[in-house]
Amino acid sequence: MYGYHGRFLKVDLEAKTTEDMPLSEVDLKKYIGGATLAAALIYNYIEKDMDPLSPKSPLVFSTGPLTGSPIPMVSRYAVCGISPLTGYWGEATSGGAFPFRLKGAGYDGVFITGRAEGPVYLYLENGSAQIKDARHLWGQDIYETQKVLKSQIEATTFSTACIGQAGERQIRYASIMNDRGRAAGRCGLGALMGSKNLKAVVVSGGMKPGSSDKEKVKALAKEAVSTIRGNLISVALREYGTLFYMDMAMALGDVPAKYFSKSVFPAEKISGQALRQAYTVENYACMGCPIGCGREVKNFRKDLDRVDGPEYETVGAFGPLCMNFDLDSIVEANHLCNAHGLDTISAGVSIAYAMYLYEKGILTRDRAGMEIKWGNGNTVVRLVEMIVKQEGIGELLSRGTLEMAKELGRDPDEAAQVKGMEMPMHEGRAFHGMAVSYATGPRGACHLKGDYYNVDLGGTVPELNIFPGDRLASEGKAEPAAKYQSLKDLYDALTLCKFAPLSVTQICQILSAITGWEMSPADLLSAGDRSVNLKRAISNKLGLTREEDRLPKVCMDTLKEGGSAGKAPDMDLLLKEYYNFRGWDWETGKPSKEKLIELGLSHVADDLYP
C-alpha cells in the first residue's frame with residue numbers, strides 16, 4: 001500500500017485507550033485521504049440532532065497520500081468533525097510541519113472520541129501513542145503551550161497542534177493552532193477539541209510510507225517546483241503574502257467593507273506593500289514549500305518581537321469590514337486570535353456586525369457596555385479580548401452573527417453567514433461563481449471550497465473544461481463552479497495546498513506515481529464529486545435542507561459603487577443549474593439516490609432514502 005501507512009490511531013479519551021484502526025486499500029482509493037477519508041470514517045457515527053460537543057462526537061486529524069512525499073506544497077492536514085458553529089459537517093486545514101510529522105509518527109491520521117476526565121494531550125511517536133496529563137497546560141495560550149511542551153519532550157523534532165483559551169471555553173469558532181501560528185481556523189473545531197479536554201496533539205517520528213515509483217516521484221517533484229516558481233501568483237505570494245491581492249480586489253469590488261455595504265476604501269493603507277513599509281516583515285514557508293506566503297512581523301512592540309501574520313482574510317475582516325485602517329490594531333487583533341485560538345474571519349465579521357447594529361441604535365451603549373463605532377481600531381482589539389474572555393458583550397459576539405441576530409430579534413438575512421458560518425472576504429457580487437460556491441459549499445460560507453474568483457481572473461482547467469468568463473454573469477456559471485468546487489475539495493483529500501499551481505494532469509501523474517493507481521482527470525473529478533456529495537449527505541443526516549443553500553440579503557443587495565456596482569448574482573438561476581448538474585433533489589436538498597449509487601455511495605443512498 002504505497003503513500004499510506006494503512007492505519008489511523010483510534011483514541012477513546014473516556015476509556016483511556018488507543019488502538020490501530022486499519023484502512024483498506026479499497027477505501028483509500030475511493031476516498032483518497034484527508035478530509036474526504038475523515039468524512040467516510042465519521043459517517044457511521046453521525047446521528048440526527050447530534051450535539052457536536054457530546055463525548056461521542058468524533059474529532060479526526062487526517063493526512064493524505066501526498067503528505068510526507070518529496071512533492072512540494074503537500075504539508076497539509078485536515079481536522080474534521082461536526083461543527084460546533086453550524087451543527088453540520090465541519091472541516092479545517094492547516095500547514096506548517098505538523099502534517100509531515102503526523103505522517104512520520106506512523107499513522108495516516110487520528111480518530112478521537114470520548115471526553116477525558118481532566119486535561120490531556122496525545123503524544124504520537126514512531127508507531128506508538130500515549131495519553132498524557134495536560135493539567136499544567138490548561139489555561140495557557142498556544143505559544144506558551146508549545147514552549148512548555150518543547151521543554152518537556154525529549155524528541156529532537158516534533159510538532160504540536162493545540163488549542164488556546166477559546167477552545168478551552170468552547171467558543172463556537174475556536175480554532176486549532178500548530179507550529180506557532182498556523183491555524184486550522186474555521187468551523188469551531190477547537191471547541192470540539194476543548195469539549196474532549198484535549199489540549200494538544202504532539203507528533204514525532206521518521207516513519208515514511210514508500211512510493212510506487214520513487215524515481216518518477218522525484219522527477220515529478222522537480223517539475224512541480226519549476227511550475228510553482230515560474231508562476232506569477234507564486235512570485236506575488238512570495239513577495240507580499242496573500243495581502244498582495246488587496247489593491248486588485250478592492251478595484252474589482254471583491255473586498256467587503258463596512259459590513260458588506262461598501263466596496264470602496266483606501267486599500268493602499270492596508271496592502272501588502274503597506275505592511276512591508278510599516279514593519280520588518282519576513283516570510284514563513286510550510287515544510288517543503290518553495291513559495292513562503294506566510295508573514296511574520298518582527299519587533300512589533302517591545303514586549304512582542306514576533307507576530308504571525310496577518311494575511312488577506314484577517315486584514316479584510318478586522319480592516320475594511322470594520323472601516324478600520326490602522327495596521328497596528330489589525331496586527332494586534334490577529335495576534336490575540338492566534339494566541340488564544342480564534343477564527344479571525346468569524347471574529348471580524350461578528351465585530352463588524354456589532355458596529356453595524358450600534359450605528360442603527362439596535363445595540364446600545366447600555367447593552368454593549370461601551371461605544372462600538374466604525375473605524376476604531378482600539379475597539380476592535382478590545383472586542384477580541386472580550387470574546388476570548390467571554391466578558392460582557394463579547395459573549396454574544398462569540399456565538400457568531402446568526403445567533404447574534406436571533407438574540408437581538410433581527411432578521412437572519414442581516415447576519416453575514418451561510419449555514420451559520422461567517423462570510424469570507426471575497427464577494428459573491430463581484431464573482432457570481434463564488435456566490436453559488438458559498439451557498440452550496442460543504443462547510444458553509446467558504447472561499448477555499450471552490451475559489452472560483454481565480455478562474456474568472458484568468459485561471460483555466462482545460463482537462464475539466466473550466467475557463468474564464470464574465471465574472472458578473474450568472475447564466476452558465478453553476479456547472480464550471482461545481483466542477484471547480486469538486487476539484488478544490490479534493491485538494492483537502494490529497495492533501496495539497498490550494499496555492500499550488502499544478503495542472504490536473506500533473507496531479508494525476510503525481511498521485512499515480514505515489515500510489516501505483518492509474519488516475520485520469522475524469523477519475524479525479526469523480527473523486528471530488530464523491531467527496532462533496534458524502535459531506536453533503538452528512539449534513540443532510542444532521543438536518544440540512546435546500547432552504548439553507550442561500551446567501552443572506554446583506555451580502556446580496558446591489559452596491560452603488562465599486563467594481564460590482566449595480567450587480568448581484570441571480571441565485572435562483574445559479575442554484576437550479578447547480579442542482580441540475582449535481583443531481584441533487586430540489587425539494588429536499590439531498591443528493592439523488594441515483595447520483596449516490598453512481599458515485600459508489602450505496603450505503604449513503606440507503607440511509608437517505610430508506
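The values are calculated or read from the model by the stated rules, or taken from the named source; none is laboratory data. Just so we're clear, the structure is a prediction, and the values are computed from it rather than from any experiment. Glycine gets a Cβ as well: all are built from the backbone with ideal geometry, and neighbour counts include every protein chain shown.
I'd like to know if segment 123-136 contains one or more residues that are in contact with a Lys or Arg (Cβ under 8 Å, 6 or more places away or on another chain), outside the structural domain of residue 339 (by TED's automatic domain parsing), more than 21 Å from residue 183 (Cβ to Cβ) and touching a residue at least 60 places away in the same chain (Cβ under 8 Å).
Start the filter on segment 123-136 by keeping residues that are in contact with a Lys or Arg (Cβ under 8 Å, 6 or more places away or on another chain), which leaves 123, 131, 134.
Checking the rest, the ones that are also outside the structural domain of residue 339 (by TED's automatic domain parsing) come to 123, 131, 134.
Then keep just the ones that are more than 21 Å from residue 183 (Cβ to Cβ); that gives 123, 131.
Adding the requirement that they be touching a residue at least 60 places away in the same chain (Cβ under 8 Å) leaves 123, 131.
Taking every residue of segment 123-136 in turn, at least one turns out to be in contact with a Lys or Arg (Cβ under 8 Å, 6 or more places away or on another chain), outside the structural domain of residue 339 (by TED's automatic domain parsing), more than 21 Å from residue 183 (Cβ to Cβ) and touching a residue at least 60 places away in the same chain (Cβ under 8 Å).
Residues in segment 243-252: is at least one in contact with a strand residue (DSSP E or B) (Cβ under 8 Å, 6 or more places away or on another chain), surrounded by fewer than 22 Cβ atoms within 10 Å (Cβ to Cβ) and either within 27 Å of residue 143 (Cβ to Cβ) or of a type in the set (Gly, Ala, Ser) (or both)?
Start the filter on segment 243-252 by keeping residues that are in contact with a strand residue (DSSP E or B) (Cβ under 8 Å, 6 or more places away or on another chain), which leaves 243.
Now narrow it down to the ones that are surrounded by fewer than 22 Cβ atoms within 10 Å (Cβ to Cβ): none.
There is no residue in segment 243-252 that is in contact with a strand residue (DSSP E or B) (Cβ under 8 Å, 6 or more places away or on another chain), surrounded by fewer than 22 Cβ atoms within 10 Å (Cβ to Cβ) and either within 27 Å of residue 143 (Cβ to Cβ) or of a type in the set (Gly, Ala, Ser) (or both).
Say whether the condition of being free of Cβ contacts under 8 Å to residues at least 12 places away in the same chain, touching a Lys or Arg at 6+ places or on another chain (Cβ under 9 Å) and not in a loop (DSSP other than H, G, I, E, B) is met by at least one residue in segment 296-315.
So far as segment 296-315 goes, yes, one or more of its residues are free of Cβ contacts under 8 Å to residues at least 12 places away in the same chain, touching a Lys or Arg at 6+ places or on another chain (Cβ under 9 Å) and not in a loop (DSSP other than H, G, I, E, B).
I need a count of the residues in segment 506-526 that are under 16 Å from residue 583 (Cβ atoms) and among the aliphatic types (A, V, I, L, M).
So the answer is 1.
Suppose we keep only residues that are farther than 22 Å from residue 32 by Cβ and within 28 Å of the chain's Cα centre (by Cα) within segment 585-610. Which one would you say is surrounded by the most Cβ atoms within 10 Å (Cβ to Cβ)?
If we filter segment 585-610 for residues that are farther than 22 Å from residue 32 by Cβ, which is where we start, we get 585-590, 592-594, 606, 608-610.
Subset that is within 28 Å of the chain's Cα centre (by Cα): 585-586, 588-590, 592, 608.
Details: 585: 17, 586: 11, 588: 14, 589: 18, 590: 23, 592: 19, 608: 18.
Ranking the candidates gives 590 first.
So if I check each of 379, 401, 364, which one is surrounded by fewer than 24 Cβ atoms within 10 Å (Cβ to Cβ) and either of a type in the set (Asp, Glu) or under 26 Å from residue 308 (Cβ atoms) (or both)?
Answer to the check: 379.
For residue 24, only one of the following conditions fails: (1) surrounded by fewer than 20 Cβ atoms within 10 Å (Cβ to Cβ); (2) over 30 Å from residue 518 (Cβ atoms); (3) modelled with pLDDT of 95 or more. What is its number?
(2) is the only condition that residue 24 fails.
Would you please name the residue that is nearest to residue 50 (Cα to Cα), looking only at residues in segment 539-567 that are hydroxyl-bearing (Ser, Thr, Tyr) and surrounded by fewer than 21 Cβ atoms within 10 Å (Cβ to Cβ)?
545
Pairs please, first residue from segment 82-98 and farther than 17 Å from residue 160 by Cβ, second anywhere and part of a helix (DSSP H, G or I) and of a type in the set (S, T, N, Q), Cβ atoms under 6 Å, 6+ apart in sequence or on different chains.
Hits for this filter: 88/539; 89/539.
Inspect all residues belonging to segment 486-509 and state whether any of them is in a helix (DSSP H, G or I) and over 18 Å from residue 73 (Cβ atoms). Walk me through it before giving the result.
Narrowing segment 486-509 to residues in a helix (DSSP H, G or I): 486-494, 504-509.
Still in the list and also over 18 Å from residue 73 (Cβ atoms): 486.
There is at least one residue in segment 486-509 that is in a helix (DSSP H, G or I) and over 18 Å from residue 73 (Cβ atoms).
Mind listing just one residue for me: the one in segment 238-284 that is in contact with a Pro (Cβ under 9 Å, 6 or more places away or on another chain) and basic (Lys, Arg) and, of those, nearest to residue 355 (Cα to Cα)?
Among those that are in contact with a Pro (Cβ under 9 Å, 6 or more places away or on another chain) and basic (Lys, Arg), it is 258.
Given the options 140, 146, name the one that is over 18 Å from the mean Cα position of the chain (by Cα), assigned to a loop (DSSP other than H, G, I, E, B), assigned by TED's automatic domain parsing to the domain that holds residue 38 and closer than 22 Å to residue 92 by Cβ.
140
Looking at the structure I just gave you, is residue 14 more than 20 Å from residue 536 (Cα to Cα), at pLDDT 95 or above and either in contact with a helix residue (DSSP H, G or I) (Cβ under 7 Å, 6 or more places away or on another chain) or in a loop (DSSP other than H, G, I, E, B) (or both)?
yes
Test residue 227 against the criterion of being of a type in the set (S, T, N, Q), within 25 Å of residue 4 (Cβ to Cβ) and in contact (Cβ under 8 Å) with a residue 60 or more places away in the chain, and give yes or no.
no
List the residue pairs whose Cβ atoms are under 7 Å apart, where the first residue sits in segment 410-430 and is in contact (Cβ under 8 Å) with a residue 24 or more places away in the chain, the second is crowded, with 24+ Cβ neighbours inside 10 Å and basic (Lys, Arg), and the two are 6 or more positions apart or on different chains.
421/186; 421/443
Just one of 153, 176, 171, 142 is crowded, with 23+ Cβ neighbours inside 10 Å and out of contact with any strand residue (DSSP E or B) (no Cβ under 6 Å at 6 or more places or on another chain); which is it?
Being crowded, with 23+ Cβ neighbours inside 10 Å and out of contact with any strand residue (DSSP E or B) (no Cβ under 6 Å at 6 or more places or on another chain) holds for just one of 153, 176, 171, 142, which is 171.
Checking residue 226 against (1) of a type in the set (Gly, Ala, Ser); (2) crowded, with 21+ Cβ neighbours inside 10 Å; (3) assigned to a helix (DSSP H, G or I); (4) modelled with pLDDT of 95 or more, which single condition isn't satisfied?
Unmet condition: (2).
Scan (1) closer than 18 Å to residue 549 by Cβ; (2) of a type in the set (A, V, I, L, M, F, W, C); (3) at pLDDT 95 or above; (4) surrounded by 23 or more Cβ atoms within 10 Å (Cβ to Cβ) for the single condition residue 446 breaks and write down its number.
The number of the failed condition is (3).
Of everything in segment 489-518 that's surrounded by fewer than 24 Cβ atoms within 10 Å (Cβ to Cβ) and of a type in the set (D, E, K, R), which residue is farthest from residue 35 (Cα to Cα)?
Only one residue fits best here, namely 518.
Would you check if residue 570 is touching a residue at least 60 places away in the same chain (Cβ under 8 Å) and surrounded by fewer than 19 Cβ atoms within 10 Å (Cβ to Cβ)?
It is true that residue 570 is touching a residue at least 60 places away in the same chain (Cβ under 8 Å) and surrounded by fewer than 19 Cβ atoms within 10 Å (Cβ to Cβ).
Given the condition under 27 Å from residue 514 (Cβ atoms), of a type outside the set (S, T, N, Q) and either touching a strand residue (DSSP E or B) at 6+ places or on another chain (Cβ under 8 Å) or in a strand (DSSP E or B) (or both), answer yes or no: does some residue in segment 127-137 qualify?
Within segment 127-137, one or more residues are under 27 Å from residue 514 (Cβ atoms), of a type outside the set (S, T, N, Q) and either touching a strand residue (DSSP E or B) at 6+ places or on another chain (Cβ under 8 Å) or in a strand (DSSP E or B) (or both).
Answer yes if at least one residue in segment 358-376 is touching a residue at least 24 places away in the same chain (Cβ under 8 Å) and polar (S, T, N, Q), and no otherwise.
yes
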